[in-house]
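Report on one structure; see the data block that follows.
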Amino acid sequence: MKFANAPGLAGMSLALCLVFSSCGRTEDDRGEELEEAGHEVTVDGWMRACAEGDTRVVRHFLEAGFDFEARDDAGDTGAHAAAAAGRKEVAGLLFDRGLEVDVRGGNERTPLMVAVLADEPRMVRWLLRQGADAELEDGDGFSPLMLAVREGRAGSVEELATASRDELDTALLLAALVGQAGVIDTLTSYGASVFARMDDGRTPLMLAAENGHLDAAEMLVELGSSRFMTSDDGRTAMDYASDAGHPDVQMIIERSSRAVMMRLDDQDDLIRSMTTYVDLVSGEARAGVSGEAGATEREPAVVLEGAVISSEAVARGDDASVDATADAGPGREATPPLVMRHYQQRELPLRIIRVEDEAVVVETRGEEIDEMRVEPGALIPESTVEVVRVGRRVEQGKLHEGEPVEVRYVEVRDTRGGTGRTWFEGEPAQTHDPAALVEDAASGRRYLALAGQRFTSEDGRVFVVSDVRPNQLVIIEEATGAAHTLPLRGPRG
């Protein structure tokens, strides 16, 4: 009987060698056994064994005196080969031998980075649990998260997001730049803000538009990106698409812009739109709307003003434990376990060009840019917004180094329900103040948070919402003045 081509014969032979090898065997003997089993005792043979994931073979290499820190021509170790192939057992064996979890290989990449590039999200998760550093950068300046974004590895992005909170906005800008729509969806679910900006004021939507990434632009529009924000040079996303010669992207943005209702948002509007968004992104059916399996029954969201929030978090995942201790130090109590789930700042396709003594001149954006003069008592065309009065006042602020400056403004009112706003000369018209949807991590109750609101924790402490930003909420404890910063964690936390 011939066995020359029988599959697995080499592995069976090696297994027998391992079973019957004794303490009297020398390293040379073990090397010979490896060679007899078809494994060259070389760096190439070692890297192949690590990639194949047979721990018996790897152990026999080590018993034969092979250097567990050996590197191939590219500078990679066996741990890099194991990471690229998703071989946890082999990598664990090498780490137990003393190889560093973040050992640098070719182009200064760690096993974690190699696992990302190889699209091995389970290996990424395992390496993070072994203590792999998600903040290290390779020779090109890319962290594991940035590599995952660049290559479109959504699974790895999901594993790395909670370990790379400070990079999420930058990662979203990169995803828009290279057109990774799926990655954009994942990043925003974990807290990346569509309102993030480059140093020159460009937003993710502007980057996608400028580079002609249609799918990415559509995704960003769906996620609530502003079509009317301008960069430092005064251009909108539509301008970037037009200037770069991408009419298909321009059409997508223009179509979504025409669908924007020219009205002001009241608190009920905000609660409705923000909870709907969070439920859709997280896959959670709204209470009373869907009978699908997994639907979560929860009380309707309400405004945070006057609310009583839990004092301590309970075991509801990592959100509760992280947020409950945010900024807590010696002698300072933790903030209530609030989690910031969503940020919204809606702009109208409208800009206040100038405020005159008896009227306001506005610029509207649609298929064409129109400029018009509106007097108090009149409606802004194609809207439910009425100009109430125009005026000017003197203000002092940090932008002018404390010097008094005159600002011109227009007061407007939505005739539907009476919601009012003040718009300023030279600025886009916003439909509401910056708003956040927050969640009590202990009870699951949701609240609409706006700057200036006061609320109380169950233990009697009073807090004030100091600032609502795209990626964080700042809360001040009244009695102590302690500031607590809650990062945006997204619908999935």
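The values are calculated or read from the model by the stated rules, or taken from the named source; none is laboratory data. Predicted model, so just to flag it, every value in this text is computed and none were measured. Note: ideal-geometry Cβ built from the backbone for every residue, glycine included; neighbour counts use all protein chains shown.
For region 195-222, a residue qualifies if it is within 17 Å of the chain's Cα centre (by Cα) and in contact (Cβ under 8 Å) with a residue 40 or more places away in the chain, and the qualifying residues are Phe195, Ala196, Leu205, Ala208, Ala216, Leu220.
One residue alone among Gly106, Gly182 is small (Gly, Ala, Ser), at pLDDT 95 or above and surrounded by fewer than 22 Cβ atoms within 10 Å (Cβ to Cβ), and that residue is Gly106. Count of region 121-133 residues, restricted to those that are in contact with a Ser or Thr (Cβ under 8 Å, 6 or more places away or on another chain) and either closer than 24 Å to Arg59 by Cβ or outside the structural domain of Val149 (by TED's automatic domain parsing) (or both), is 1.
The residues of region 178-229 that are in contact with a Gly (Cβ under 7 Å, 6 or more places away or on another chain) and closer than 21 Å to Pro434 by Cβ, listed by number, are Thr188, Ser189, Tyr190, Gly191, Val194. Here Ala161 meets the list (1) modelled with pLDDT of 95 or more; (2) under 20 Å from Gly224 (Cβ atoms) almost entirely, failing just condition (1). With respect to the conditions (1) without any contact (Cβ under 8 Å) to a residue 40 or more places away in the chain; (2) touching a Pro at 6+ places or on another chain (Cβ under 7 Å); (3) surrounded by fewer than 21 Cβ atoms within 10 Å (Cβ to Cβ), Arg165 falls short on a single one, namely (1).
State whether the residues of region 286-308 include one that is in a helix (DSSP H, G or I), modelled with pLDDT of 65 or more and buried (at least 16 other Cβ atoms within 10 Å of the Cβ). Within region 286-308, none of the residues are in a helix (DSSP H, G or I), modelled with pLDDT of 65 or more and buried (at least 16 other Cβ atoms within 10 Å of the Cβ).
Pick from Leu94, Leu112, Leu136, Leu117: which is crowded, with 18+ Cβ neighbours inside 10 Å and touching a Ser or Thr at 6+ places or on another chain (Cβ under 8 Å)?
Testing whether each residue is crowded, with 18+ Cβ neighbours inside 10 Å and touching a Ser or Thr at 6+ places or on another chain (Cβ under 8 Å) leaves just Leu94.
Please identify the pairs in which a residue from region 39-63 that is surrounded by fewer than 16 Cβ atoms within 10 Å (Cβ to Cβ) has its Cβ atom under 6 Å from the Cβ atom of a residue that is assigned to a helix (DSSP H, G or I) and modelled with pLDDT under 90, counting only partners at least 6 apart or on another chain. Here the result reads Arg56/Leu18, each pair linking region 39-63 to a residue that is assigned to a helix (DSSP H, G or I) and modelled with pLDDT under 90. Taking Ser156, is it among the hydroxyl-bearing types (Ser, Thr, Tyr) and over 18 Å from Ala118 (Cα atoms)? Judged against the criteria, Ser156 is not a match.
Is it the case that region 318-329 has a residue that's at pLDDT below 50 and at positive phi? Among the residues of region 318-329, at least one is at pLDDT below 50 and at positive phi, which makes the answer yes. The residues of region 456-493 that are under 22 Å from the mean Cα position of the chain (by Cα) and over 11 Å from Val339 (Cα atoms), listed by number, are Asp467, Val468, Arg469, Pro470, Asn471, Val474, Ile475, His484. Out of contact with any helix residue (DSSP H, G or I) (no Cβ under 7 Å at 6 or more places or on another chain) and small (Gly, Ala, Ser): is that true of Gly131 in this structure? Yes, satisfied. Whether a residue is closer than 25 Å to Pro144 by Cβ, in the same structural domain as Glu135 (by TED's automatic domain parsing) and not β-branched (Val, Ile, Thr) was assessed, and Asp44 does not pass this test. The helices (runs of 4 or more DSSP H) located wholly in region 1-78 that include 1 or more residues which are at pLDDT below 50 and in contact with a helix residue (DSSP H, G or I) (Cβ under 9 Å, 6 or more places away or on another chain) occupy 9-20.
For the criterion of being out of contact with any Phe, Trp or Tyr (no Cβ under 6 Å at 6 or more places or on another chain) and free of Cβ contacts under 8 Å to residues at least 60 places away in the same chain, Ser189 fails.
Among the residues of region 420-440, just one is surrounded by fewer than 23 Cβ atoms within 10 Å (Cβ to Cβ), at pLDDT below 90 and polar (S, T, N, Q), namely Gln430. Scanning region 357-381 for residues that are among the charged types (D, E, K, R) and either surrounded by 13 or more Cβ atoms within 10 Å (Cβ to Cβ) or free of Cβ contacts under 8 Å to residues at least 12 places away in the same chain (or both) turns up Glu363, Arg365, Glu368, Asp370, Arg373. Evaluating Ser443 against the criteria (1) out of contact with any strand residue (DSSP E or B) (no Cβ under 7 Å at 6 or more places or on another chain); (2) at pLDDT below 85 leaves one unmet condition, (2). The condition of being modelled with pLDDT of 85 or more and in contact with a strand residue (DSSP E or B) (Cβ under 8 Å, 6 or more places away or on another chain) holds for only one of Val394, Val407, that being Val407. Of the residues contained in region 85-95, none is found to be of a type in the set (Phe, Trp, Tyr), over 26 Å from Glu108 (Cα atoms) and either modelled with pLDDT under 85 or within 35 Å of the chain's Cα centre (by Cα) (or both).
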